[in-house]
Amino acid sequence: MQKNTSTLLQTYLQYQGSPFSDPGFSAPELQLSSLPPAAVSFKTWHALDDGERLNRAQEAFLALTQHLQLVGDDQSDLNPGSPNLLALLGAARLRAQGLLGNMAAIMTALGLPIPPEEDTLGVVPFGASAFERKCRGYVVTREYGHWTDRAVRDLALLKAKYPA
């Protein structure tokens with residue numbers, strides 16, 4: 001799953017044109033208020049209990065599934081001749097949904113409440129420019145990779161703590 005996130009981000013950037021496709025492009029300052037960032041200090045992350053880690057990941061992947069759908073819709077409009085990119089976005093959304101299901105099962109097994117599903121996108125500005133939609137897609141594909149890395153780390157901790 002982690003390899004797929006890198007492929008998705010690189011493919012996404014390639015299809016957006018300059019400056020996104022320029023070598024070494026990075027814009028860590030770009031964020032979306034509707035998408036929780038995966039970045040957290042080690043001290044904060046280490047202090048989280050199992051329920052908090054799972055809850056945050058569950059909320060993030062719920063938001064990511066909605067955002068990945070939006071980015072797919074945007075790219076269908078902006079890059080209709082890019083079936084590879086559209087397929088990667090669709091596969092990422094399915095993986096995020098699968099991970100949501102797995103995390104819900106783990107939370108249930110641990111006796112933890114599952115957060116309710118919410119509309120994290122809210123009102124989407126349909127008049128967003130092509131550049132704004134490309135920026136939004138960049139943030140979503142980047143954060144999808146970061147959250148996947150974090151979820152893998154979190155699940156590895158749980159596996160070590162609760163061997164089957």
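The values are calculated or read from the model by the stated rules, or taken from the named source; none is laboratory data. All values derive from a computational prediction rather than experimental measurement. Glycine also receives a Cβ, built like all others from the backbone with ideal geometry; neighbour counts cover every protein chain displayed. Accessible surface areas use protein heavy atoms only, side chains included; no ligands, DNA or RNA. Shrake-Rupley method; radii C 1.70, N 1.55, O 1.52, S 1.80 Å.
Cross-link partners for residue 161 among the aspartates and glutamates, with Cα-Cα distance under 14 Å and sequence neighbours closer than 8 places in the same chain left out: 49, 50. Placing a label point 7 Å from the Cα of residue 128 along the Cα-to-Cβ line, the residues of the stretch 53-95 whose backbone N sits under 13 Å from it are 64, 66-78. With the charge dipole of the stretch 1-124 set up from +1 on Lys and Arg Cβ and -1 on Asp and Glu Cβ about the Cα centre, the Cα lying farthest toward the positive end among the listed residues 62, 16, 87 is that of 87. Protein heavy-atom accessible surface, 1.4 Å probe, per residue over the chain: 54 Å².
The magnitude of the dipole of the stretch 51-164, with charges of +1 and -1 set on the Cβ of Lys/Arg and Asp/Glu and taken from the Cα centre, is near 480 debye. Shown in residue order for the stretch 26-37 are the 3J(HN,Hα) couplings computed by the Karplus curve 6.51 cos²θ - 1.76 cosθ + 1.60 at θ = phi - 60°: 7, 9, x, 6, 6, 9, 10, 5, 8, 10, x, x Hz (x for Gly and Pro).
Extension gain residue 152-residue 44, at 0.36 nm per residue separation less the Cα-Cα distance, in nm?
Details: separation 108, 0.36 × 108 = 38.88 nm, distance 1.73 nm.
My answer for the length gained is 37.2 nm.
Computed over protein heavy atoms with a 1.4 Å probe, the carbon and sulfur contribution to the accessible area of the chain reaches 58%.
Here the label points at residue 25 and residue 10, each 7 Å from Cα along the C-beta direction, are separated by 1.5 nm in the simple model. When both the stretch 15-50 and the stretch 109-164 are represented by their alpha-carbon centers, they are found 11 Å apart. Other residues whose C-beta falls under 15 angstrom from the C-beta of residue 71 contribute a net charge of +1, scoring Lys and Arg +1 and Asp and Glu -1. Dimensions of the chain from C-alpha coordinates, computed as largest minus smallest value along each principal axis and given longest first, are 46, 31, 26 Å. Taking a ≥ b ≥ c as the square roots of the eigenvalues of the Cα gyration tensor, the stretch 98-156 is classed as oblate, since a/c reaches at least 1.5 and a/b does not exceed b/c.
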